[in-house]
Each structure stands twice: as C-alpha cells, then as structure tokens.
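A.B. asks: Sharing a structure with you now.
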C-alpha cells in the first residue's frame, strides 16, 4: 500500500479493512498521519488529564518552512498517532488564524486574513523524545463553535502553557482551510492559503537606498566608490541582477544627499529621481525606466511634470516660481510658456509665508485637453485652482476659495479647503460644489469609486474614514493609523503603536493584516515589499 493511497483514504474519509490494519501499523512513518483511521479511540475521561506525547520522527514543513522540532520551544507533538500543532501567536498567524485568550471567554480561534513571517522558536536545549501533556480544560471556541473537549476523540492538549490542536481532517481542513499531505521522503507538509511574507532575497546593501517592485522585477541601488549603480533583478531570481543605469557622485554637495535615489510610479511607468550638485547650482534628475528595463534621463531641474496630449507639462519649482509664469509645455525639445504669466503655479501661502507645493501630486493634474494647477496671484488671491486649456491657452479660476490640495478623478474635482480643512467636490468647471467629509481631512484618496480620508486625532495619529454621502462617515479602522497610501486598488495603512500593516479593499474591508513591526513600505505595483523588524530584512508579500 503506497502512502499516497493512505492520504487519499484520509481525504475521502474511507474505512480501512481490518486485515490491512496490522500491516499498516507496522509501518512507523504512517502512524502520525493515518492512525486516526485505524484506532477506535473513544472520548477522554476526566481522570485522564495527564497524557504521554512524543515528538514526530518525521520532517514537518509549515508553508515551506522546515520545523526543527528537536530544538523548538513549542515542537509539534504526536498523541495517539495524530500530529498536534501548537497554537502560538506566530504559528497561528503564519497559517492564517487568530488565537486570542481571555479569562472570561477562554481560547478563541478563528480563520482571519492575517499573516506574519515564520518564527522558529529556537532554543539551545534539545527536546526529549517524549513528554507529558495535559488535556485542555479551558473554554475553547473555533470559528464561533464551542468545543466540548471531554467528548473529543482527539482532545486538545496543553503543553508548555500552549494549546495544541490535533491535525484531523475536521480541524485542519474543514475549520482552518489548510492543505496537508504526507510524503515518505519529505514527511508532513502543511500549507495555508493566506498571503505569505517571504524573504525578498536581495543583497543586504539594497536597504541602504530606496527599492521598487514593478512588473515582476526588483529595482535597487548599490554605491561603489563615487558611483551609484541602479540594478534590476527578477523577483523569482533576485541574484540575476543587471545594471540599467549609473551616475557619478563627484562634485555634488553632501548636504543635498546625492546618494539618495527615490522611485515613483507615474502614469503606469516606473521613474526614479536623484540630485546632483548643490542648492542653487544643482538640480534634480528624473529618469524613466522603459518596458525593456532600460533607463533614460528625461528631465533635470527643480520641477514637476505631467504627460498631456500636447507634450509634457512642466512646473518649474525653483526660486523663479515666485516671479510667476513658471508653467511650460515641452514638445520635441522645445518649451513654451502656457497659462497666465502673472500666476505663480504650485506656489501657496500659509499665514504670512509663501512656499512651493512640491513633494506630491496634489497640486497639478491633467484631464484631456485641460491642466488643473493650484496657483496664486498675490496675497489677496492665493491657493486657487485654475484650469488651463492646453489647446487654446484659456486660463480660468474655477475654485476661488483657498485650497490646500486637490485631485481630479472620475471627471470630478476633489479638494480640501484651507478654511475648514473639509473635503469638497465639484464639477470640472468648479460648479455644483458639495461638502463631502464630516471631519477635517489630512489626506484623501479614491479607491474603486469610494472616497476615504484621514483626520488627525493626535500628533502623528490619524483616523481613517469612508465617506457616506447619505449619512455619517464610517470609521474604517478602530485604532489610529500613522499613514496611508493607495497601491493596486488597495489602501495600505500602518497601525499606530504597533507598526503593523493592514491592506483594505475599495470597500474598506480588511484583506490582510501583517502582524509584525514594519518600518518601511516600498514602491510597488502588485506585490508588497516591506522591511520587517522581525526578519531584520526585506520581505515580499505575493
């Protein structure tokens, strides 16, 4: 009888003929998986609270991670021929479960969109081959169903103050949704279906600079001597790096951090930026990475830009911006001014101070033939949204009240006013204005047609809301967050106090909670690249 046949019988819950039982019992490597079909074990009596358990004599893998049971604080166990799994904090979350315990409610275990990196629980002391464990006596609930442990054929156990679950079909498959299989050569393998944090496989120096994941490739930087080298490497083979760009750091002012490279996705293309020179004499360099992976320097200076049907719209952000007329259209190497030359584009006023908007995409947008820019004329006429027709150069103010930042999405304007910090929307010509948010908005974003915003609760602590036009705005997450960004139609938020990361869909529903401290979130399109303090390195979620 092949082992694969035994697994088939287990999965189909077939009865095993009596004559075959004796032959199978003699095969020790089957005991841990198939004994549940062979031994007519009955319920555990209350007096049998102390039971003997052994360590597995076969290899065990959890989502591909080999478990070193011999030196593990919480090893897997075998009782009555069934393998038992420890419900530790890390082990449960690795396999898509949340386990919580309170004095009043006991142990509560449920399937959840949660994940964490693998924790080996390694100790220096070798485990014995056998131990005593106890029948779990506390109240236990699995996916909302109470477990009467006194009537369980394979009861839950406690060992080293941790509850252990039997890997029967009922629990492992029906309740937890795991796949598990046995192989004579490789032993027992348990696989869950929650997203996994895997080491990214990039060299250690990659974290010294910015990193991006785009179209199946990593993009990262290495400094050697006085040069920065930008590489790309396939996600599935990170060691196969190829250089796509390099530049010299010589002659640059260290105060302007020429080593720093910043990646950004613009109009479904990956770009990176770096600085050369000093302040007045230096400039930012903007490099586009083409579909074939080659990098091309396209813009330099203190500026920002958007692609339009009439060329590249460029906003000059140097000191000349305060003189006005700093909006240009560039086509085939030629530049011409557009818009009202008396306006200071991307220049805003707060109190008695003028400043350049810069740093994000909240002050300039392109929609068809029109460019929308946050601009100021003078102290009495500051922070307004102007629309410039790029074909006729007609320039008109469409939102006259002071605006902090704005976006154009789904043929509407969305903006936050200086006066009350609330979020508003209007038609693209500024008509039919409507107040949207119940609270002041520090950030807002549109995902799958739904509007979300944050409001500051305390210093660097924000609450995330979803706008309801027909009622009160909905608080999306109970605890405060420290930041949010939109990527691949998902909201990525860092939780205040823990630095855990959550992913929410366009309806605000939880899709994944990464339950470990995350210090950095890198630019990506589909995958999620993080720096994990637990791993002390880069992790990718795919």
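A.B. asks: For the stretch 403-423, enumerate the residues that are assigned to a loop (DSSP other than H, G, I, E, B), under 26 Å from residue 339 (Cβ atoms) and without any contact (Cβ under 8 Å) to a residue 24 or more places away in the chain.
C.D. replies: Matches in the stretch 403-423: 419 only.
A.B. asks: Shifting gears a bit: Being in contact with a strand residue (DSSP E or B) (Cβ under 6 Å, 6 or more places away or on another chain), surrounded by 16 or more Cβ atoms within 10 Å (Cβ to Cβ), in the same structural domain as residue 511 (by TED's automatic domain parsing) and under 30 Å from residue 369 (Cα atoms): is that true of residue 444 here? It would help to see each step written out before you state the result.
C.D. replies: Values: in contact with a strand residue (DSSP E or B) (Cβ under 6 Å, 6 or more places away or on another chain): yes; surrounded by 16 or more Cβ atoms within 10 Å (Cβ to Cβ): yes; in the same structural domain as residue 511 (by TED's automatic domain parsing): yes; under 30 Å from residue 369 (Cα atoms): yes.
When the stated conditions are applied, residue 444 passes them.
A.B. asks: Right, another one. With respect to the numbered conditions (1) outside any strand (DSSP E or B); (2) under 23 Å from the mean Cα position of the chain (by Cα), which one is the sole condition not fulfilled by residue 445?
C.D. replies: Tallying (1) outside any strand (DSSP E or B); (2) under 23 Å from the mean Cα position of the chain (by Cα), residue 445 fails exactly one: (1).
A.B. asks: Now for a separate question. Looking at the stretch 314-327, can you tell me whether even one residue there is under 35 Å from the mean Cα position of the chain (by Cα), without any contact (Cβ under 8 Å) to a residue 40 or more places away in the chain, surrounded by 15 or more Cβ atoms within 10 Å (Cβ to Cβ) and in a strand (DSSP E or B)?
C.D. replies: Yes, because at least one residue in the stretch 314-327 is under 35 Å from the mean Cα position of the chain (by Cα), without any contact (Cβ under 8 Å) to a residue 40 or more places away in the chain, surrounded by 15 or more Cβ atoms within 10 Å (Cβ to Cβ) and in a strand (DSSP E or B).
A.B. asks: Checking residue 111 against (1) within 20 Å of the chain's Cα centre (by Cα); (2) buried (at least 21 other Cβ atoms within 10 Å of the Cβ); (3) under 21 Å from residue 148 (Cα atoms), which test does it fail?
C.D. replies: (2)
A.B. asks: Of all strands (runs of 3 or more DSSP E) completely enclosed by the stretch 175-259, which ones contain at least 1 residues that are modelled with pLDDT under 95 and more than 23 Å from residue 116 (Cα to Cα)? Walk me through it before giving the result.
C.D. replies: On the way: elements: 179-183, 187-191, 197-199, 212-214, 217-224, 227-234, 242-248.
Result: 179-183, 187-191.
A.B. asks: Here is a follow-up. Given the structure, is residue 510 at pLDDT 95 or above and closer than 26 Å to residue 220 by Cα? Spell out how you get there, then give the answer.
C.D. replies: Values: at pLDDT 95 or above: yes; closer than 26 Å to residue 220 by Cα: no.
Criteria not met by residue 510.
A.B. asks: For the stretch 451-478, what are the residues that are touching a strand residue (DSSP E or B) at 6+ places or on another chain (Cβ under 6 Å), buried (at least 16 other Cβ atoms within 10 Å of the Cβ) and either farther than 20 Å from residue 403 by Cβ or touching a residue at least 24 places away in the same chain (Cβ under 8 Å) (or both)?
C.D. replies: 452, 453, 454, 462, 463, 464, 465, 466, 467, 473, 476, 477
A.B. asks: All but one of (1) buried (at least 21 other Cβ atoms within 10 Å of the Cβ); (2) touching a residue at least 60 places away in the same chain (Cβ under 8 Å); (3) under 30 Å from the mean Cα position of the chain (by Cα) hold for residue 220; state the number of the condition that does not hold.
C.D. replies: Failed condition: (2).
A.B. asks: In the stretch 509-527, is there at least one residue being touching a helix residue (DSSP H, G or I) at 6+ places or on another chain (Cβ under 6 Å), within 28 Å of residue 236 (Cβ to Cβ) and outside any strand (DSSP E or B)? Give the steps one after another, and end with the answer.
C.D. replies: Applying the first criterion (touching a helix residue (DSSP H, G or I) at 6+ places or on another chain (Cβ under 6 Å)) to the stretch 509-527 yields 515.
Narrowing further to those that are within 28 Å of residue 236 (Cβ to Cβ): 515.
This time we only want the ones that are outside any strand (DSSP E or B), so: 515.
The answer is yes; a qualifying residue exists.
The rows are residues; the columns are (1) assigned to a loop (DSSP other than H, G, I, E, B); (2) at pLDDT 95 or above; (3) more than 15 Å from the chain's Cα centre (by Cα).
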{"site": "425", "(1), (2), (3)": "no, yes, yes"}
{"site": "441", "(1), (2), (3)": "yes, yes, yes"}
{"site": "453", "(1), (2), (3)": "no, yes, yes"}
{"site": "535", "(1), (2), (3)": "yes, no, yes"}
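A.B. asks: So which of 342, 300, 304 ends up being within 30 Å of residue 379 (Cβ to Cβ), assigned to a strand (DSSP E or B) and either touching a residue at least 12 places away in the same chain (Cβ under 8 Å) or within 37 Å of the chain's Cα centre (by Cα) (or both)?
C.D. replies: On the way: 342 fails: assigned to a strand (DSSP E or B); 300 fails: within 30 Å of residue 379 (Cβ to Cβ).
Result of the check over 342, 300, 304: 304.
A.B. asks: Follow-up. Can you tell me which residue among 540, 502 is outside any loop (DSSP other than H, G, I, E, B), outside the structural domain of residue 209 (by TED's automatic domain parsing) and closer than 20 Å to residue 263 by Cα?
C.D. replies: Details: 502 fails: closer than 20 Å to residue 263 by Cα.
Answer to the selection: 540.
A.B. asks: Mind listing just one residue for me: the one in the stretch 140-167 that is out of contact with any helix residue (DSSP H, G or I) (no Cβ under 9 Å at 6 or more places or on another chain) and part of a loop (DSSP other than H, G, I, E, B) and, of those, surrounded by the most Cβ atoms within 10 Å (Cβ to Cβ)?
C.D. replies: 152
A.B. asks: Can you confirm whether the stretch 383-394 contains a residue that is on the phi < 0 side of the Ramachandran plot, touching a strand residue (DSSP E or B) at 6+ places or on another chain (Cβ under 6 Å) and surrounded by fewer than 13 Cβ atoms within 10 Å (Cβ to Cβ)?
C.D. replies: No, there is no match, as no residue in the stretch 383-394 is on the phi < 0 side of the Ramachandran plot, touching a strand residue (DSSP E or B) at 6+ places or on another chain (Cβ under 6 Å) and surrounded by fewer than 13 Cβ atoms within 10 Å (Cβ to Cβ).
A.B. asks: Moving on to the next point. Would you pick out the residues in the stretch 371-382 that are surrounded by fewer than 19 Cβ atoms within 10 Å (Cβ to Cβ) and in a strand (DSSP E or B)?
C.D. replies: If we filter the stretch 371-382 for residues that are surrounded by fewer than 19 Cβ atoms within 10 Å (Cβ to Cβ), which is where we start, we get 377-381.
378, 381 - these are the residues of the stretch 371-382 that are surrounded by fewer than 19 Cβ atoms within 10 Å (Cβ to Cβ) and in a strand (DSSP E or B).
A.B. asks: From the residues in the stretch 268-289 that are farther than 19 Å from residue 257 by Cα and touching a residue at least 12 places away in the same chain (Cβ under 8 Å), which one is surrounded by the fewest Cβ atoms within 10 Å (Cβ to Cβ)?
C.D. replies: The residue in question is 269.
The values are calculated or read from the model by the stated rules, or taken from the named source; none is laboratory data. This one's a predicted model, so the numbers in the text were calculated from it and none came from an experiment. Backbone-built Cβ (ideal geometry, glycine too); neighbour counts: all protein chains shown.
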